[in-house]
Amino acid sequence: MRQLAWLKNWLLNEIDPEIPVVIGGDFNDWDLGLHEALSSQMGLNEVHEEVRGELALTFPARYPVFRLDRIYVRGFDAVNASVISETTGEEVGGRRWGQIPFLTTWLCSQGS
């Protein structure tokens with residue numbers, strides 16, 4: 001939880017609220033507590049949830065049942081989000097993956 005406290009402090013106190021932000025990765029957020037904090041307390045939108053209405057199923061790759069990988073944004077409008085489902089996660093680009101990758105497209109909605 002120290003990382004969450006650091007991230008919250010950084011977002012709310014160090015980064016100008018007008019600056020667009022992208023934070024993505026494998027969050028290992030099994031109970032969705034981090035998701036709740038990032039969404040409601042820090043004003044970030046999860047891209048797959050914004051476009052598809054739910055978090056992406058990405059783990060384990062062979063039969064994904066958990067929503068662990070996320071991309072959160074602030075200052076962007078999500079256009080598309082999709083799981084790259086034609087991969088098994090076994091091997092993508094010569095590397096083994098435990099999770100299924102997903103692809104997003106967004107447009108900057110703040111400033112120009």
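The values are calculated or read from the model by the stated rules, or taken from the named source; none is laboratory data. Since the model is a prediction, treat every value here as computed from it, not as a measurement. A quick note on method: Cβ atoms are made from the backbone with ideal geometry, for glycine too, and the neighbour counts reach across all protein chains shown.
The set of residues from region 1-24 being surrounded by 12 or more Cβ atoms within 10 Å (Cβ to Cβ) and in contact (Cβ under 8 Å) with a residue 24 or more places away in the chain comprises L4, L7, K8, L11, L12, P20, V21, V22, I23, G24. Looking across region 30-49 at every residue that is charged (D, E, K, R) and surrounded by fewer than 18 Cβ atoms within 10 Å (Cβ to Cβ), the one that is nearest to E14 (Cα to Cα) is identified as E36. One residue stands out in region 9-24 among those that are within 22 Å of A78 (Cα to Cα) and among the charged types (D, E, K, R): the one that is modelled with the lowest pLDDT, namely E18. Residues in region 62-77 that are within 24 Å of D31 (Cβ to Cβ) and hydrophobic (A, V, I, L, M, F, W, C) were compared, and the one that is surrounded by the most Cβ atoms within 10 Å (Cβ to Cβ) is I71.
Restricting attention to region 57-112, the residues being touching a Pro at 6+ places or on another chain (Cβ under 8 Å), modelled with pLDDT of 70 or more, not polar (S, T, N, Q) and not in a strand (DSSP E or B) number 5.
Does N45 fit the bill of being among the polar types (S, T, N, Q), without any contact (Cβ under 8 Å) to a residue 60 or more places away in the chain and under 20 Å from F59 (Cβ atoms)?
So N45 does not fit the description; no.
For region 12-34, the criterion of being part of a strand (DSSP E or B) and over 16 Å from A81 (Cβ atoms) is met by at least one residue.
For the structure I just gave you, tell me whether F27 is surrounded by 12 or more Cβ atoms within 10 Å (Cβ to Cβ), modelled with pLDDT under 80 and touching a helix residue (DSSP H, G or I) at 6+ places or on another chain (Cβ under 7 Å). When the stated conditions are applied, F27 does not pass them. Which one of E46, E54 is of a type in the set (D, E) and touching a helix residue (DSSP H, G or I) at 6+ places or on another chain (Cβ under 7 Å)? Only one candidate passes the filter, namely E46.
Among the residues of region 50-61, which ones are over 18 Å from I23 (Cβ atoms) and either in contact (Cβ under 8 Å) with a residue 40 or more places away in the chain or surrounded by 19 or more Cβ atoms within 10 Å (Cβ to Cβ) (or both)?
Within region 50-61, L57, F59 qualify.
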